[in-house]
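K.L.:
Starting off with a structure, shown below.
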Amino acid sequence: MISVKKFVFNAFQVNSYVLYDETGECIIIDPSVSNEDEFSQLDDFIKSKQLTPVLLVNTHAHIDHIIGNYKTAKHYKIKLAAHKECVGFLEHAREYAESFGLPMEGVKKIDYFVDEGQKITFGNSCLMVFYTPGHADCSICLYSKDDAFVITGDVLFYQSIGRTDLRTGNYDLLQKSIWEKLFTLPDNTKVYAGHGPDTTIGYEKVNNPFVAIGME
C-alpha cells in the first residue's frame, strides 16, 4: 500500500509529494524546495520514517515545481524521471528562476524519459503514467489503481484546471487530457494536485466549472 505525504513549498505554494510503501522505498515528486528550511522539512520526514529515496519525478517542468530538483537529487543520489518535452524548459530554467527571484543551485538533467502507458515502480508499488498535455506539453499524471489516487501536477485542481496562457499551454488540449485520461478513472479516485487541496475525480466531474461533464 502506498502512503502519501504532502508538503507545501516555495512562494508559489507548490504541493510536493513523498510516496512510500511498506518496503521503506520512496519516490519524491516535484521537489519544490527553495531554501534550507524547506529542504529540512523534507529530509526530516524521510529520516523519521527511515525511508530510502530511489527516484525523483517531475509532473512537468515549470520552475515552481523543479526548483529543488538539483539539490534533492544530489543529496539522495537519485535520478530524475520526466517527459522528454521537459528538456526545453530545463534549458531555460535558470532564466525562469531569476525572473521570479527564486534561488537555483543547479539544473538537474533528466535521466529517464517517461511517457503514456509506462510504469514507475518503487518497493512493491507501481504508478501508471498518463501523458496529459495542455497546461504544458510535458505534463504527466501518475495513477495508482490499487490505492485509488492520481497525482495530477497542474493539470487538474479542486474546482479548477492549470493555466493555459503559459508556454505550450493549450486550453482545448488540456480539456481533452482531463476528459479522456482523468475522467475515465473511477469516481472515488483521490486527486493529489500540484497546488491547493485534495479532491476526487467524481467531485470534479460534477463541480469543476472548466471541465464538468455531468452527474455522479
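The values are calculated or read from the model by the stated rules, or taken from the named source; none is laboratory data. Note that this is a predicted model, so its numbers are computed, not measured. So basically every Cβ, Gly included, is an ideal-geometry build from the backbone, and we count neighbours across all protein chains shown.
K.L.:
Can you name the number of the only condition in (1) touching a Gly at 6+ places or on another chain (Cβ under 9 Å); (2) surrounded by 18 or more Cβ atoms within 10 Å (Cβ to Cβ); (3) in a strand (DSSP E or B) that residue 128 fails?
P.N.:
Among (1) touching a Gly at 6+ places or on another chain (Cβ under 9 Å); (2) surrounded by 18 or more Cβ atoms within 10 Å (Cβ to Cβ); (3) in a strand (DSSP E or B), the lone unmet condition for residue 128 is (2).
K.L.:
Can you go through 97, 73 and tell me which one is small (Gly, Ala, Ser), in contact (Cβ under 8 Å) with a residue 24 or more places away in the chain and surrounded by fewer than 21 Cβ atoms within 10 Å (Cβ to Cβ)?
P.N.:
Exactly one of 97, 73 is small (Gly, Ala, Ser), in contact (Cβ under 8 Å) with a residue 24 or more places away in the chain and surrounded by fewer than 21 Cβ atoms within 10 Å (Cβ to Cβ), namely 97.
K.L.:
For residue 113, which of the numbered conditions (1) modelled with pLDDT under 95; (2) surrounded by fewer than 18 Cβ atoms within 10 Å (Cβ to Cβ); (3) touching a helix residue (DSSP H, G or I) at 6+ places or on another chain (Cβ under 6 Å) fails to hold?
P.N.:
(1)
K.L.:
Still on this model: Could you tell me which residue of the stretch 159-207 is farthest from residue 117 (Cα to Cα), considering only residues that are of a type in the set (S, T, N, Q) and in contact with a strand residue (DSSP E or B) (Cβ under 7 Å, 6 or more places away or on another chain)?
P.N.:
Only one residue fits best here, namely 199.
K.L.:
Go through the stretch 164-186 and count every residue that is in a loop (DSSP other than H, G, I, E, B) and either surrounded by 14 or more Cβ atoms within 10 Å (Cβ to Cβ) or touching a Cys at 6+ places or on another chain (Cβ under 8 Å) (or both).
P.N.:
6
K.L.:
Moving to a separate point now. Residue 209 versus (1) of a type outside the set (Gly, Ala, Ser); (2) surrounded by 15 or more Cβ atoms within 10 Å (Cβ to Cβ); (3) assigned to a loop (DSSP other than H, G, I, E, B): which is the lone unmet condition?
P.N.:
(2)
K.L.:
Filter the stretch 11-57 down to residues that are of a type in the set (D, E, K, R), in contact (Cβ under 8 Å) with a residue 24 or more places away in the chain and exposed (fewer than 15 other Cβ atoms within 10 Å of the Cβ) and give me whichever is nearest to residue 67 (Cα to Cα).
P.N.:
Top of the filtered list is 49.
K.L.:
Let me ask another. Do we have residue 67 as within 24 Å of residue 23 (Cα to Cα), touching a residue at least 12 places away in the same chain (Cβ under 8 Å), buried (at least 18 other Cβ atoms within 10 Å of the Cβ) and within 15 Å of the chain's Cα centre (by Cα) here?
P.N.:
no
K.L.:
Restricting to the stretch 134-158, what's the tally of residues that are within 13 Å of the chain's Cα centre (by Cα), within 20 Å of residue 86 (Cβ to Cβ) and surrounded by fewer than 23 Cβ atoms within 10 Å (Cβ to Cβ)?
P.N.:
Total satisfying the criteria: 1.
K.L.:
Moving on to the next point. Among the helices (runs of 4 or more DSSP H) contained in the stretch 43-124, which hold 2 or more residues that are on the phi < 0 side of the Ramachandran plot, of a type outside the set (A, V, I, L, M, F, W, C) and out of contact with any Asp or Glu (no Cβ under 8 Å at 6 or more places or on another chain)?
P.N.:
Qualifying helices (runs of 4 or more DSSP H): 69-76, 87-91, 93-99.
K.L.:
How many residues are farther than 20 Å from residue 60 by Cβ and touching a His at 6+ places or on another chain (Cβ under 7 Å) if we restrict to the stretch 187-201?
P.N.:
Final tally of qualifying residues: 0.
K.L.:
Any residue at all in the stretch 150-170 that is at pLDDT below 95, out of contact with any Gly (no Cβ under 6 Å at 6 or more places or on another chain) and hydroxyl-bearing (Ser, Thr, Tyr)?
P.N.:
Yes, the stretch 150-170 has at least one match.
K.L.:
Need pairs with beta-carbon distance below 6 Å; first residue over 14 Å from residue 148 (Cβ atoms) and of a type in the set (A, V, I, L, M) and within the stretch 179-202, second modelled with pLDDT under 95 and part of a loop (DSSP other than H, G, I, E, B); sequence gap 6+ or separate chains.
P.N.:
Close Cβ pairs (under 6 Å, with a partner that is modelled with pLDDT under 95 and part of a loop (DSSP other than H, G, I, E, B)) do not exist here.
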